[in-house]
Amino acid sequence: MADDREYPARPIVGVGALILDGDRVLLVRRGREPLKGEWSIPGGAVEVGETLEAAIVREVREETGLVVEIAGVTAVLDRIREDRDGRARYHYVLIDFVCRPIGGQAACASDAEALAWVPVRDLSQYRVADATVRVILKAVEGLASAAWTPREVDRQTE
């Protein structure tokens with residue numbers, strides 16, 4: 001089965017969830033490329049006709065079994081993995097959202113091999129990309145300095 005994410009014609013829009021519970025963040029160990037075997041935040045590609053917020057709620061539910069409430073965007077970044085010849089093997093534009101769990105049961109599902117609630121101070125014990133650690137720390141700092149303001153999720157497009 002061909003993977004249309006590999007060597008894409010254009011960048012793929014993806015979403016990531018920084019799911020925070022007190023001083024802990026939820027990490028998943030990826031079960032497929034890119035990042036297979038690495039710890040990261042839950043997320044995935046936005047489907048055609050889907051809002052960013054709806055995509056993050058769906059992806060979190062599919063990967064972790066959790067229902068989340070969204071506070072807002074914490075980062076927008078590129079994730080480009082090149083092959084040996086310098087061609088973009090994977091190219092994502094990622095929008096990361098700060099979320100908190102409001103329902104469901106945390107359980108490993110879909111593309112994840114494992115999941116763990118990790119105290120932020122212990123992130124160095126996991127194989128997490130430096131850019132992801134920076135985004136997690138930014139989210140934690142942002143929440144420490146502001147009140148939680150959940151965003152409404154709807155199907156409207158702009």
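Every number in this text was worked out from the coordinates using simple rules, so none of it is lab data. Predicted, not measured: the structure shown is a model, and the values here were computed from it. Don't worry about glycine lacking a Cβ; one is built from the backbone with ideal geometry, like all the others, and counts go over all protein chains shown.
Numbers below:
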{"read-out": "In Hz, Karplus ³J(HN,Hα) per residue of segment 56-66 (6.51, -1.76, 1.60; θ = phi - 60°; x = Gly, Pro)", "value": "5, 4, 5, 4, 4, 4, 5, 7, 10, x, 8"}
{"read-out": "Convex hull of Cα atoms in segment 12-144, direction-averaged projection (nm²)", "value": "7.8"}
{"read-out": "J(HN,Hα) series, segment 75-88, from Karplus relation 6.51 cos²θ - 1.76 cosθ + 1.60, nearest Hz, glycine and proline x", "value": "7, 10, 8, 9, 10, 10, 10, 9, 8, 4, 8, x, 7, 6"}
{"read-out": "Inter-site label distance for Tyr7 and Ala131 at 7 Å from Cα along Cβ, in nm", "value": "2.2"}
{"read-out": "Segment 12-144: antiparallel DSSP beta bridges as a percent of all, rounded to 5", "value": "75"}
{"read-out": "Signed unit charges on C-beta, dipole axis of the chain, positive-most listed residue Leu94, Ile12, Val135", "value": "Val135"}
{"read-out": "Computed FRET value (nearest 0.05) for Arg84 with Val48, which takes r as the C-beta separation and R₀ as 30 Å", "value": "0.40"}
{"read-out": "Per-residue HN-Hα couplings for segment 5-22 [Karplus 6.51, -1.76, 1.60; θ = phi - 60°; Hz; x = Gly/Pro]", "value": "7, 8, 6, x, 6, 8, x, 9, 7, x, 10, x, 10, 8, 8, 10, 9, x"}
{"read-out": "Rg ratio (alpha-carbon, reference 2.2 N^0.38 Å) - segment 50-89", "value": "1.64"}
{"read-out": "Rounded tilt (10° steps) of 130-144 against the dominant C-alpha axis of the chain", "value": "20"}
